[in-house]
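A.B. asks: Just passing along the structure, written as structure tokens.
The values are calculated or read from the model by the stated rules, or taken from the named source; none is laboratory data. The structure displayed is predicted, hence computed values, not measured ones. As a convention, Cβ positions derive from the backbone with ideal geometry for all residues, glycine included, and neighbour counts pool all protein chains shown.
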């Protein structure tokens with residue numbers, strides 16, 4: 001009478017174990033209530049997610065279980081690539097303007113330094129040699145919000 005886990009659940013348990021171990025180390029190094037609550041939340045969340053993945057496998061929805069394991073990892077990788085791209089542009093010492101809560105690099109500096117960049121009345125000019133990720137974000141936020 002042991003626990004039988006399907007492949008997506010095992011992969012998730014391994015990934016979660018790494019996160020929980022890092023939370024335990026974080027609590028040991030710097031103990032405070034927030035770190036301890038984060039550890040408890042990670043353990044409870046992992047147990048609930050394992051139960052959900054096992055249930056999906058038991059009703060033969062293994063594809064959805066794999067999606068729920070892989071999609072957050074792909075999303076995390078894309079977010080990390082975006083952050084690396086933004087930090088790379090910032091490290092070039094190019095001016096950065098915040099327009100509608102989006103960082104736009106390679107944009108001209110604001111005309112006046114007395115008002116914050118977030119209240120620009122006209123959008124900054126996008127450099128055509130700029131990265132496609134930053135251009136996509138700019139177009140998304142400018143056209144839809």
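A.B. asks: Can we say residue 11 is surrounded by 11 or more Cβ atoms within 10 Å (Cβ to Cβ) and within 16 Å of residue 72 (Cβ to Cβ)?
C.D. replies: So residue 11 fits the description; yes.
A.B. asks: Kindly indicate whether residue 79 is at pLDDT 70 or above, assigned to a helix (DSSP H, G or I) and more than 18 Å from the chain's Cα centre (by Cα).
C.D. replies: Spelling it out, it is not the case that residue 79 is at pLDDT 70 or above, assigned to a helix (DSSP H, G or I) and more than 18 Å from the chain's Cα centre (by Cα).
A.B. asks: For the range 20-37, enumerate the residues that are exposed (fewer than 14 other Cβ atoms within 10 Å of the Cβ) and in a helix (DSSP H, G or I). Explain how you work it out, then say what you get.
C.D. replies: Within the range 20-37, the subset exposed (fewer than 14 other Cβ atoms within 10 Å of the Cβ) is 21-22, 25, 28-34, 36-37.
Within the range 20-37, 21, 22, 25, 28, 29, 33, 34, 36, 37 meet the criteria.
A.B. asks: Quick check on residue 97: is it exposed (fewer than 13 other Cβ atoms within 10 Å of the Cβ) and either outside the structural domain of residue 19 (by TED's automatic domain parsing) or modelled with pLDDT of 75 or more (or both)?
C.D. replies: Considered against the rule, which asks whether it is exposed (fewer than 13 other Cβ atoms within 10 Å of the Cβ) and either outside the structural domain of residue 19 (by TED's automatic domain parsing) or modelled with pLDDT of 75 or more (or both), residue 97 comes out as no.
A.B. asks: Please verify whether residue 45 is at pLDDT 85 or above and surrounded by 12 or more Cβ atoms within 10 Å (Cβ to Cβ), treating the condition exactly as stated.
C.D. replies: So residue 45 passes the test.
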